[in-house]
Structures are given as C-alpha cells and as structure tokens.
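The values are calculated or read from the model by the stated rules, or taken from the named source; none is laboratory data. Note that the coordinates shown come from a computational prediction; the quantities given were computed from them, not determined experimentally. Ideal geometry is used to build each Cβ from the backbone, glycine not excepted, and the neighbour counts take in all protein chains shown.
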Amino acid sequence: MVLTPVLIFVVFLIIYATFFRKRGRFWECLSQLPKPPAYPIIGNLFEVMRTPEQMFVHDRKRGLQYYPLYHLDVLGVGSANILNPEDMEVVLTDMKQNTKSIIYEFLHSWLGTGLLTSAGSKWQSRRKILTPAFHFNILQEFVTIFTEETKRLVDELEKDSDKPYIDVVVPITQFTLMSIGETAMGINFNSYMNDKDGYKKSIYDIGRLLTYRAPRPWIYNDAVYSLTSNSREEKRVVKTLHQFTNDVITKRKSNFSSASYSERKRLAMLDLLLKYRAEGANIDDEGIREEVDTFMFEGHDTTSMAICFALMLLANHKDVQDEIYNEIKEVLGEDAPSYSNLHELKYLERCLKESLRLYPSVPFISRVSGSEVKTKTGYTIPNDCMINLQIYDMHHNPNVFPDPEKFDPDRFLPENIQKRHPFAYIPFSAGSRNCIGQKFAMLEMKTAICGILKKFILEPVDTPKDIVFITDLVLRPKGSIKVKFVPRH
Ligand code: HEM
C-alpha cells in the first residue's frame, strides 16, 4: 500500500528530471565545472536532501573541498557555486548578472517584488526612490534612536544579569525590531503594536518553509506547490506577516500629512514612500507594502544575528573586549554616541568587520545568469543558470583568509586589507545590488555594543564551537547563543 505513492513519486521525479532538464550548450558548459559524485537522472539530489542542520554542515564541507567553484545537478536543475573572490567580482560587477534566481521567487508571496526580490527597471526605479532614505543626514538622526533603544536593551539585560546566562537572540532581536520600527517606519512598536512575537515567529516559519522548498525542484512550480501542506502553512504565515506590516502602514498613514513633510528636506523610508504615493509617483499601496515587508525583515533579522555573534565572540575574547572598552572610554567618555564619534571607533569597527567575516548574516546570495559568464578561473557558466555566491564559504576559506577560524580583528587593518582581493570580503554583497542598509547596520551595531560594554563585562558561556547552525534565510543557530552579563562597577 505504502509502496504505491512512493512509486508514483519516483516515476514523477524521473519524468521531471527527463523533461525539464536543459540540454545542449547549457550542460556542455556547466559540466566542465568540478562536481561532487552524482547519480544518473537524480544527479546530486542526495547532496541537498538533508535537514537544515545537516545541510549547513554538508554545504560547508563541499565548499572547502571544491574551492574555487563547483556545480550541482539536482534533478536536471544546474547551479554554479562560486567560492573565490575573482569570480565573485566577475558576477557582481556585470549588470547582466543582476537578476535574482528562482529561490527569491519563493519569497514573492511575502515580499512581492520589493527591492530585494525585484529585477530590471522596477528594481532600478525602487533603488532610486529609496537611496535618499539612507542619506547620512537621516542616519545621523537615527543614531539618537539607536541610543534610546540601546538604553531599553541594557535595562532588560540588567534584569537578567544575575542569571547564569542570557540567550542573546531574544533581547537583541527585540532591540533590532524596535530600532527598524522607530527609524525606517517612524513607529514605536512598544506603544502601537501588539503582535511583535507573532511577527518574529512567522519570520522563522517562512525561513523554514523556504529552506525546505529551495532544494526540491519538483515543488518549484507554483501550481504543484499549491497542492502541498507547506503551501497552505505558508499562506497562514504570510497572512500574519502582512497583518503586521499593514498595521505599520496604517498607523503611519494616520500620522502622515504631505504638507508637514514638504517642510522637511529628507524623509525616512516609509514617510518617503507615502509622500511619493501622495504625489502620484510610480508606487501604489501594494508597492509600499512590498518595501515595508522587505525593510522590516532585512532591517532587523540581519543586524540581530550580527550583534548576537559579535557578543558571543567578545565574551570569548576578553583581551579584545577590554581594548574596545578602552577605546569607547577614550572616544566617547561619558558622551552619548553620535554619527561622528561612532566613526572614530576604529578598533570596534575592525572587530565588527571580523565578526561579519566569520558570521556573515547573509551566508549566500543567488543570481540567474543573463548571459554566458567567463570566469577568471577558466570556466564558462552558461546563460540562464543559477549562480550561488557562497559568501560564508569564501570568508572561511584558507586560500582567502589564512587560519580562517581565528578571530583576528587585525585582518582589517588598512595594510592587511590592501593585501587582499577587494571581493574577498563581501558580507554586504558588492556591486550595484549591494546592501542599501549597510551604513545603517554598522551604526546600529556600534551603538548597541557601546551601550552594552559600558554597562557589562561579557563572559563566555557558548564558545564558537558550541554553535550549531541551520540553513535559513539568514545565518542562524539551531538553538540559543548564550552569554553571561556581569554588571561593571
Ligand atoms: C549586518 C547587517 C546586514 C547584512 C550582513 C546585510 C547583507 C545584505 C546582502 C548580502 C545583500 C545582498 C542580497 C542579495 O543580493 O540577494 C543585502 C541586500 C539588501 N539589504 Fe542588507 N544586510 C544587512 C542589514 C540591512 C539593513 C539594516 C537593511 C535596511 C535597513 C538592509 C536592507 C537591504 C535591502 C533592501 C537589500 C536589497 C538591495 C537591492 O537589491 O537593491 N540590510 N543585504
């Protein structure tokens, strides 16, 4: 009895792999790239059919073994995986390789085609509209908000400082969510929004659903996917996510008056979009929701994980922590952080950069080639091929960063940066589709670390070796990240 559905499924996979497999030039080029051993028809299916935890470990092993690049064939779906700086540069600086791969289409039910997921002229026009929302005049004002939110965060941490440890993921995610709300959206979530926890849980749920779908080409087709229980769950999750962001927009709209905004030279993200909408520019209500969803997610989950890993590293490197503390005392004294004094914290900056090397919040990004790509390593990636840029693997490769697992902030001394390929370190990606929020992120991270280190000495509980990762939308631990917070006297 059980055998019948299994048999039908296997026949379906064989038909799928036979009919949907690209032919001719595509495989002629792609099969020249190194590849892990594969089976007939299903190719490397067993490479990717793993739990999120196994997938993370296995992908890293493959990344080390197949440097500088490799290809996979999963049921006839081919991908080129790039691990080296030279070829990262080739792809990231070529406008023809600017379109995101099919994996991002799985985000459309949630993010629509906002800045992260859109392509072509829509992406260009959105990028143009949104770039001024991250102008340095605006960022200067945001530092005050980051400082207020850091005070709230420190108060929360203080309440639990008598405990043996704090799982930093919880309070730090709360901090970054509040910060993106107050800055880009102009909304204080504390006073307005009730279902922050529902929103945070739904982000984890959507990540799990996407990570399940990405390695399974037979559910790429939307009509086929809609028959699955995951699709039904996704609809429920997306409803919760949209409820939250629609609420944000409604709240901000009720405070919005285009007259009062015309007096201000520069507007933060949501106000800017509402102003454009009121003036009849090329963005409708759906477009605004796409961007609010995109920035709410990209603007809090990435920085949250980055701060959590940085805290864990500092707890494990007391000497580095002490040096940052001395720098903070020297540069800030008793003053609050400002845009300019945060820039003077050069040692802290090197530590955060090194932390993002070891723990890049976005471990890989993916494109679809818009033409054949001649790699610097001597291969040709065919047109219309998924190209995965494996940022995490490159940052951890000994050919690119000697002794890669060592936390060494001096890698970011100017003289050492000069010795490396400019695309060796790309936590914020690079080229025209780089992270629009990278300055925002660095300021937020610096403000949080300053506030925390002024109040606490961090002691290790989890070490880097204890962290078990899962494959997800961002670099995430399977469980918690534990740090002990000892109040300074
Ligand atoms: C440590 C924090 C962050 C990291 C490591 C990070 C990393 C990245 C990376 C690697 C990309 C390229 C994605 C791709 O090509 O698929 C990206 C794009 C993007 N990021 Fe960030 N990000 C961070 C923080 C932020 C923040 C704070 C915001 C908003 C306030 C933001 C908004 C975006 C958006 C909208 C895009 C899409 C840009 C485009 O395609 O034009 N990110 N980010």
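Numbers for the structure displayed
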quantity: Any hit, the range 144-157, residues being within 10 Å of the ligand (Cβ to nearest atom), touching a residue at least 24 places away in the same chain (Cβ under 8 Å) and of a type outside the set (A, V, I, L, M); calculated: no
quantity: The lone exception for Q124 - which of (1) free of Cβ contacts under 8 Å to residues at least 60 places away in the same chain; (2) surrounded by 15 or more Cβ atoms within 10 Å (Cβ to Cβ) it fails; calculated: (2)
quantity: Hey, N341 in contact with a Gly (Cβ under 9 Å, 6 or more places away or on another chain) and surrounded by fewer than 22 Cβ atoms within 10 Å (Cβ to Cβ) or not; calculated: no
quantity: Pairs with Cβ under 7 Å, 6+ apart, first in the range 249-260 and modelled with pLDDT of 75 or more, second among the hydroxyl-bearing types (S, T, Y); calculated: K251/Y192
quantity: The range 443-465: number of residues that are among the charged types (D, E, K, R) and either out of contact with any Pro (no Cβ under 9 Å at 6 or more places or on another chain) or at pLDDT below 95 (or both); calculated: 4
quantity: Boolean, L111 is within 15 Å of the ligand (Cβ to nearest atom), among the aliphatic types (A, V, I, L, M) and modelled with pLDDT of 95 or more; calculated: yes
quantity: Residue ID - farthest from L413 (Cα to Cα), chosen from residues in the range 366-386 that are within 16 Å of the ligand (Cβ to nearest atom) and surrounded by fewer than 23 Cβ atoms within 10 Å (Cβ to Cβ); calculated: G370
quantity: Selection from the range 443-468 of residues that are of a type in the set (D, E) and within 16 Å of the ligand (Cβ to nearest atom); calculated: E444
quantity: Looking only at the range 93-106, and only at residues there that are within 21 Å of S125 (Cβ to Cβ) and within 10 Å of the ligand (Cβ to nearest atom), the one that is nearest to the chain's Cα centre (by Cα); calculated: Y104
quantity: Selected residue (only one of K61, K22 is at pLDDT below 95 and either away from the ligand (no atom under 16 Å from the Cβ) or in a loop (DSSP other than H, G, I, E, B) (or both)); calculated: K22
quantity: Of all residues making up the range 158-171, the number that are away from the ligand (no atom under 16 Å from the Cβ), assigned to a helix (DSSP H, G or I) and aliphatic (A, V, I, L, M); calculated: 1
quantity: Hey, A315 at pLDDT below 95 and more than 16 Å from the ligand (Cβ to nearest atom) or not; calculated: no
quantity: Tabulated pairs, the range 271-294, first over 17 Å from S254 (Cβ atoms) and touching a residue at least 60 places away in the same chain (Cβ under 8 Å), second part of a helix (DSSP H, G or I) and of a type in the set (F, W, Y), C-beta under 8 angstrom, 6+ apart or interchain; calculated: N282/Y276; I283/Y276; D293/W110
quantity: Single residue of F440, F428 found to be more than 30 Å from D155 (Cβ to Cβ), near the ligand (Cβ under 9 Å from one of its atoms), out of contact with any strand residue (DSSP E or B) (no Cβ under 9 Å at 6 or more places or on another chain) and modelled with pLDDT of 95 or more; calculated: F428
quantity: Checking E89 against (1) within 21 Å of the chain's Cα centre (by Cα); (2) farther than 20 Å from I426 by Cα; (3) crowded, with 18+ Cβ neighbours inside 10 Å, the condition it does not meet; calculated: (2)
quantity: Any hit, the range 172-189, residues being part of a helix (DSSP H, G or I), free of Cβ contacts under 8 Å to residues at least 40 places away in the same chain and either within 30 Å of F46 (Cα to Cα) or more than 16 Å from the ligand (Cβ to nearest atom) (or both); calculated: no
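Residue-by-condition table, conditions (1) at pLDDT 95 or above; (2) under 25 Å from the mean Cα position of the chain (by Cα); (3) within 19 Å of V483 (Cβ to Cβ):
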site	(1), (2), (3)
I129	no, yes, no
P132	no, yes, no
H135	no, yes, no
Q140	no, yes, no
T147	yes, yes, no
D155	yes, no, yes
E158	yes, no, yes
K163	yes, no, yes
D167	yes, yes, yes
